[in-house]
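Heads up, the thing below is written out as structure tokens.
The values are calculated or read from the model by the stated rules, or taken from the named source; none is laboratory data. Computed from a prediction, not measured in an experiment: that's the story for all the values here. For neighbour counting, all protein chains shown are included, and Cβ atoms are generated from backbone atoms with ideal geometry for every residue, glycine included.
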Amino acid sequence: MAIRPVVVDKRSPYIGDFCALCKEPLAPGDELAICPEDAARHHVRCWRAYGDRCSAYGCTGHGEVHDSADYGNARIRTVRRGEQGEVKVQTLPERSFHCAQSCLLIAIAVAILLFAIGCFGLWAIADYVLIDILGWQYRGPVAGLIPLIDFRSLQLLISYLPLP
């Protein structure tokens, strides 16, 4: 099994953790090998020194650490779960499409749709006020189209509403 090294940066959830073999704290710039079985973190040098296997008691995790260049443009996403703070690491291809991206696209589409509906509603209200209430004939009647909103019925409905 191939294991990809993870580079610790300043925002990494691994800051403050310790290597499972040498017990030194993990610092920014360190390369880690994460056991595929129990997610124990090791320095890459410690993982290789222990025979490309996990040093945790009873763990059967093993694998050869490959350099970052072997993975091309892949990226790593870390997900912190659980009360005990165990960390799961998932390697993702660079061009993969995820739930967050699809949710963002759906939210943008809904916002555009609501904006378009809102603009049409504002135009229809302005048209009603200008033509029917103020009597300003800024355009001729639209022939051949069924109006989406019957303004005469709307005016009748408004006349029944109690006004303060």
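Name the single residue that is nearest to Y14 (Cα to Cα) among those in the stretch 89-121 being at pLDDT below 80 and among the aliphatic types (A, V, I, L, M).
The residue in question is V89.
Among the residues of the stretch 135-149, are any at pLDDT below 80 and surrounded by 10 or more Cβ atoms within 10 Å (Cβ to Cβ)? Give the derivation first.
Taking the stretch 135-149 as the starting set, the residues that turn out to be at pLDDT below 80 are 137-149.
Filter once more, so that each one left must be surrounded by 10 or more Cβ atoms within 10 Å (Cβ to Cβ): 147, 149.
Scanning the stretch 135-149, I find at least one residue that is at pLDDT below 80 and surrounded by 10 or more Cβ atoms within 10 Å (Cβ to Cβ), so the answer is yes.
Give the stretch 15-28 a look and list any residue that's modelled with pLDDT of 85 or more and touching a strand residue (DSSP E or B) at 6+ places or on another chain (Cβ under 7 Å), or say none.
Scanning the stretch 15-28 gives D17, F18, C19, A20, L21, C22, E24, P25, L26.
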